[in-house]
Amino acid sequence: MIELDARRLMCPMPVIKTQNMIKTMAIGETLRVSCTDPGVMQDIPAWCRINGHLLLNTEEIEGEFILTIEVAAE
Amino acid sequence: MATQKKAVALISGGLDSLLAAKVMLEQGVHVEGINFYTGFCVEGHTHAIRKKDKAKPKRNNALWSAEMLGIKLHIIDIIEEYKQVLLNPKHGYGANMNPCLDCKIFMVGKAKEWALENGFDFIITGEVIGQRPMSQRKDTMPVISAESGADDLLLRPLCAKNLPETLPEREGWVNRDELHDFSGRTRKPQMALAEKFGFVDYAQPAGGCCFLTDKAYSVKLTDLWASRGKRDYEIDDIMLLKVGRHIRPKPNFKLIVAREEGENNFLQGYKKQFITLRTMSHKGPLTLLDGSVNDGDFELAARIVARFSQGRDAELVDVEVTENGVSKNISVKPFAADEIQEAWRV
Ligand code: SF4
């Protein structure tokens, strides 16, 4: 599992960071992104749907939003 | 069968770029979207810092457009490179600090580079002749094509019939007869086309999709440059201009006063980078102090902050000033309403 810290970034920066990180990852790998902008709960799932990646989980822990994504084929 | 041609579409999140991409999809072209983030883009979330705006939808309109179209979207961070566009626009600014023509040239140029790197054949935009006073005029359309280097690889499906033929049309990759001839400021043809395609609930942001077209924002940006004696900015600067009341009581510093809880929370994230002021004896907003100050300035700053606290009518308000993690308390008499001069408000 790869960790990505996108805390304190405002949308769409967490989406951009996620996108750029996933570009470097292999199919089947998972990415865990931590964010503080609540907008990610809308944008990262939308980005995953558009690009065909699998959103495995979303959670909110003490004001942080954590999303887990499995990389699918481009 | 001929191989399917590929177009990269500039997707802003507005209706025009949505329609332009759809027109291409209807012609069987493979379309992927590209969206540039300059740092000045108005999207749901920066609006949603303020708690009162939280009820409004917070979607990112470019992502929403791509989802409606069923296409991929590539979001590109151009914050750094965009500085040159904003700071030195060859074609100048529009009504506010918006360098629209240079911006368009830059974005189309970037899209062209992207198209070449990714094996795409041409570029499309949602531009319409006469729609915008600065960048979307009959005489500026060819300037964008030429100066971006895209030349006749740049197709504007919504107004192509009013423009010279481009390569995708000449080569028969797209059918010119099925492109459009929209022009002028009217939105009627776009709305009719949206209805035809079944698009509802598309974004029609009143103030456009860019803070640089906003008067109040442009004034704050100009003030920032004037006070620093140089035209430059970092991403944090431009984010902070979107938040709070900005009050400059002296040329050497300004205060950024949170207006409500959402902004308070947002400003908390900047506590390490700035001198902060907080009222201790009464409830009040978090305030950042931006600039360089001498000891006498703290009292002035604290009196302003006290004015925006619940102790505004009190004899004395205790204000905590924190700099580099070291705090001190000062007691001040809050300013009366008319002592906060209009000219201080940025
Ligand atoms: S409004 Fe003008 S400056 Fe802002 S993104 Fe659009 S073209 Fe660029």
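So the values come out like this:
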item: Kyte-Doolittle mean at least -1.0 and Cα axial length at least 15 Å: DSSP H helices in chain B; result: B:15-26, B:100-117, B:215-228, B:295-307
item: Apportionment of accessible area to carbon and sulfur, the range B:214-267, percent (1.4 Å); result: 51 percent
item: Computed over chain B: relative contact order in percent, which uses C-alpha pairs under 8 Å that are six or more apart; result: 15 percent
item: Rounded to the nearest 20 debye, dipole of chain B from Cβ charges on Lys, Arg, Asp, Glu; result: 780 debye
item: Viscosity 1.567 mPa s, 4 °C: Kirkwood-radius Stokes-Einstein D of the range B:6-210 over Cα pairs, µm²/s; result: 75 µm²/s
item: Across B:Lys110/B:Lys196; B:Lys90/B:Lys161; B:Lys90/B:Lys110; B:Lys110/B:Lys215; B:Lys72/B:Lys110; B:Lys22/B:Lys188, pairs whose alpha-carbon gap is larger than 20 Å; result: B:Lys110/B:Lys196; B:Lys90/B:Lys161; B:Lys110/B:Lys215
item: Loss of accessible area when B meets A, both sides summed, Å² nearest 100, probe 1.4 Å; result: 1800 Å²
item: Test item: Cα-centred dipole of the range B:243-344, Lys/Arg +1 and Asp/Glu -1 on Cβ, debye; result: 200 debye
item: Accessible-area composition of the range B:6-210, carbon plus sulfur, in percent [1.4 Å probe]; result: 52 percent
item: Potential extension, B:Arg312-B:Lys90 segment - 0.36 nm per residue separation minus Cα distance; result: 75.1 nm
item: Order of exposure, largest accessible area first, which applies to A:Ser34, B:Ser331 with probe 1.4 Å; result: B:Ser331, A:Ser34
item: Ratio Rg/Rh [Cα only; Rh per Kirkwood] for the range B:101-174; result: 0.94
item: Kirkwood Rh in Å, taken over the range B:243-344 so that all alpha-carbon pairs contribute; result: 13.3 Å
item: Accessible area per residue in Å² at 1.4 Å probe, computed on the range B:126-228; result: 50 Å²
item: At R0 = 25 Å, FRET efficiency that the Cβ-Cβ distance of B:Thr3 and A:Leu54 yields, to 0.05; result: 0.25
item: Mean-position separation - Cα centroids, the range B:75-89 and the range B:260-316, in angstrom; result: 33 Å
item: Principal axis dimensions, largest first and in whole angstrom, of chain B by Cα; result: 82, 39, 34
item: Solvent exposure ordering (accessible area, 1.4 Å, most first) of B:Trp225, B:Trp64; result: B:Trp64, B:Trp225
item: Nearest-10 value in Å² for the accessible area of B:Thr38, using the 1.4 Å probe; result: 10 Å²
item: Rounded to the nearest 10 Å², the accessible area of B:Asp214 at probe 1.4 Å; result: 70 Å²
item: B:Glu113 versus B:Trp225: modelled label distance in nm, points set 7 Å from Cα along the beta carbon direction; result: 2.3 nm
item: The range A:2-70: Cα Rg divided by the 2.2 N^0.38 Å rule of thumb; result: 0.97
item: Computed helical MRE - 222 nm, chain B, DSSP H runs ≥ 4 contributing -39500 (n - 2.57), nearest 500; result: -9500 deg cm²/dmol
item: Two-site label geometry, B:Gln273 and B:Asn175: point separation in nm, points 7 Å out along Cα→Cβ; result: 5.3 nm
item: In range of the label at B:Ser331: residues from the range B:283-298 whose backbone nitrogen is under 14 Å from the point 7 Å along Cα→Cβ; result: none
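The values are calculated or read from the model by the stated rules, or taken from the named source; none is laboratory data. These figures come from a predicted structure and were not determined experimentally. Backbone-built Cβ (ideal geometry, glycine too); neighbour counts: all protein chains shown. The area values use the complete protein model at the heavy-atom level, side chains included, leaving out ligands, DNA and RNA. Shrake-Rupley method; radii C 1.70, N 1.55, O 1.52, S 1.80 Å.
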